[in-house]
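The values are calculated or read from the model by the stated rules, or taken from the named source; none is laboratory data. This one's a predicted model, so the numbers in the text were calculated from it and none came from an experiment. Here the Cβ is made from the backbone with ideal geometry for all residues, glycine too, and neighbour counts use every protein chain on show.
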Amino acid sequence: MRKIRVLFISHSDPGKGGAPKSLIELIINLRNNFNVEPIVCVHSEDAVYKFCKKNEIECYVTKHSDIWTGGVKKISSWINIPKFRKKLFKNDKRAYELLSQKIDLSSIDIIHSNVSVVNLGMYIHKKTGIPHIMHLREDADVLNQMVYTINPIKNMNKYVTRFIAISNFVKIKWKKRGLSGDKIDLVYNGLKLPNKCPRKILNKPIIKIVMVGSIIKSKGQLDVLKALSNLNVKYRNKVQLDIMGSGNKRYIKRLNQFIEKNNLENINLLGYQKDISSKLKNYDVAIMASRGEAFGRVTVEYMANGLVVIGNEAGANPEIIRDNETGLIYERNNINSLTKKLIYVIEHPEKANRLSAAGQDEVYAKFTTNINAKNVYNEYIELIK
């Protein structure tokens, strides 16, 4: 059987986000373990480009545009939207023409857009009729920022053959916004996990807690600080919280002010850290306080490293963490509920160790790159048979 030739469309991301990491892991797994020949289209010489070059994967820089913005606030920005829309079309047209010169598009079996915020895959599908898969890695609220295109849902329904949602939470959100539900398949993300190493946690006087991710309001760091401030002195002296990540300077200032005002001496803001996975084994507990995580790569990493994860009952957290079985879930955005879960972990170390072991078993059974790649490959087979 000949290889399935897949044209992957990436977006403009420096590589720190979850989407390019997921793309890299998917591409290499499909190439090495399944009957797929990847060709990758990137915006610039970013992390995905460098990975492809290192691994001898065919890759082209096309400078295509994203169709979203982080937020348009100034009147001048709104005035310029028509100009940006014209530029988007021009960039996609140029990217299509470049690809047409570099590769024989008639030899491509499937177009696979890695995220919903790029238009190029839809443009190529419109021109060629090649089956087009789009990964839905973002909450559908990203539509609120798609100001550089008109009728994004209408275009997606028309120019995408199948959608892959990385969680049921994501699938439901997009359906509510008008995406065709019968075209959306659920395929959970997969991660390249470290070698499984069962471990004993909470075996030291100080329980080490960690949070990893962008430091912004929606990630819930302030909620966690408030939950810790609710602890009495006895419990507060038993825990240490390290927060890793960079983010909004005003929000970080607010966190530091709260820490100082409430004498939370055991809380450290460490900034952006490299090689997070190697550091996680030094912790006992992790908190996922995000108010709308589309999947939660870092949640899976926590569990793979044997940490007990306490997750907000929001986003995809309840799909990854089964309360009182593979971790703990606190009531949605409820600070007092989070405080109670922290106290429970402190008071029940043996139960916490059982949750740690069960959580580790769960992610190795459900969320590996091999499982993810196999499920995506099955999507390809269904599409071209």
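May I ask you to verify whether residue 302 is under 16 Å from residue 207 (Cβ atoms), hydroxyl-bearing (Ser, Thr, Tyr) and either modelled with pLDDT under 95 or under 20 Å from the mean Cα position of the chain (by Cα) (or both)?
The answer is yes for residue 302.
Examine region 114-121 for a residue that is within 18 Å of residue 12 (Cα to Cα) and without any contact (Cβ under 8 Å) to a residue 24 or more places away in the chain, and state whether such a residue exists.
no
Suppose we filter 252, 216 for residues that are closer than 22 Å to residue 337 by Cα and in contact (Cβ under 8 Å) with a residue 24 or more places away in the chain; which single one remains?
When all the criteria are applied, what remains is 216.
Scan region 348-357 and tell me whether some residue there is modelled with pLDDT of 95 or more, buried (at least 18 other Cβ atoms within 10 Å of the Cβ) and in contact with a Pro (Cβ under 7 Å, 6 or more places away or on another chain).
Looking through region 348-357, none of the residues is modelled with pLDDT of 95 or more, buried (at least 18 other Cβ atoms within 10 Å of the Cβ) and in contact with a Pro (Cβ under 7 Å, 6 or more places away or on another chain).
Considering only region 180-191, state which residues are touching a residue at least 40 places away in the same chain (Cβ under 8 Å) and either part of a helix (DSSP H, G or I) or not polar (S, T, N, Q) (or both).
Once the filter is applied, which keeps residues that are touching a residue at least 40 places away in the same chain (Cβ under 8 Å) and either part of a helix (DSSP H, G or I) or not polar (S, T, N, Q) (or both), region 180-191 yields 184, 185, 187, 188, 190, 191.
Report whether or not residue 243 is modelled with pLDDT of 95 or more, within 30 Å of residue 378 (Cα to Cα), assigned to a strand (DSSP E or B) and not small (Gly, Ala, Ser).
Here the answer is no, as residue 243 does not meet what is asked.
Could you tell me which residue of region 51-60 is surrounded by the most Cβ atoms within 10 Å (Cβ to Cβ), considering only residues that are in contact with a strand residue (DSSP E or B) (Cβ under 8 Å, 6 or more places away or on another chain) and farther than 11 Å from residue 102 by Cα?
Top of the filtered list is 52.
Go through region 105-123 residue by residue and tally those that are surrounded by fewer than 20 Cβ atoms within 10 Å (Cβ to Cβ) and either among the polar types (S, T, N, Q) or not assigned by TED's automatic domain parsing to the domain that holds residue 372 (or both).
The number of residues fulfilling the criteria is 2.
Could you identify the single residue in 77, 65, 44 that is modelled with pLDDT under 85, surrounded by fewer than 21 Cβ atoms within 10 Å (Cβ to Cβ) and in the same structural domain as residue 122 (by TED's automatic domain parsing)?
After applying the criteria, what remains is 77.
Every residue in region 21-61 that is basic (Lys, Arg), under 19 Å from residue 189 (Cα atoms) and without any contact (Cβ under 8 Å) to a residue 60 or more places away in the chain, please.
Answer for region 21-61, where residues must be basic (Lys, Arg), under 19 Å from residue 189 (Cα atoms) and without any contact (Cβ under 8 Å) to a residue 60 or more places away in the chain: just 31.
Need the failing condition index for residue 94 against (1) modelled with pLDDT under 90; (2) in a helix (DSSP H, G or I), just the number.
Unmet condition: (1).
Taking region 11-58, which residues are of a type in the set (D, E, K, R) and in a loop (DSSP other than H, G, I, E, B)?
13, 16, 45, 46, 56
So if I check each of 354, 291, 332, 297, which one is more than 23 Å from the chain's Cα centre (by Cα) and of a type outside the set (Ser, Thr, Tyr)?
Result of the check over 354, 291, 332, 297: 354.
Under the condition of being β-branched (Val, Ile, Thr), in a helix (DSSP H, G or I) and in contact (Cβ under 8 Å) with a residue 12 or more places away in the chain, which residue from region 137-173 is surrounded by the fewest Cβ atoms within 10 Å (Cβ to Cβ)?
Residue satisfying both the conditions and the ranking: 153.
Please indicate, with yes or no, whether at least one residue in region 205-223 is over 21 Å from the mean Cα position of the chain (by Cα) and within 21 Å of residue 361 (Cβ to Cβ).
No, region 205-223 has no match at all.
Answer yes or no: is there a residue in region 195-217 that is in a helix (DSSP H, G or I) and assigned by TED's automatic domain parsing to the domain that holds residue 317.
Among the residues of region 195-217, at least one is in a helix (DSSP H, G or I) and assigned by TED's automatic domain parsing to the domain that holds residue 317, which makes the answer yes.
Residue by residue through region 124-133, note down the ones that are surrounded by fewer than 23 Cβ atoms within 10 Å (Cβ to Cβ) and in a helix (DSSP H, G or I).
The answer is 125, 126, 127, 128.
Taking into account only those residues within region 335-345 that are of a type in the set (A, V, I, L, M, F, W, C) and buried (at least 18 other Cβ atoms within 10 Å of the Cβ), which is farthest from the chain's Cα centre (by Cα)?
345
Restricting to strands (runs of 3 or more DSSP E) lying wholly in region 248-326: which have 1 or more residues that are buried (at least 22 other Cβ atoms within 10 Å of the Cβ), among the hydroxyl-bearing types (Ser, Thr, Tyr) and outside the structural domain of residue 222 (by TED's automatic domain parsing)?
Filter on region 248-326 gives an empty set.
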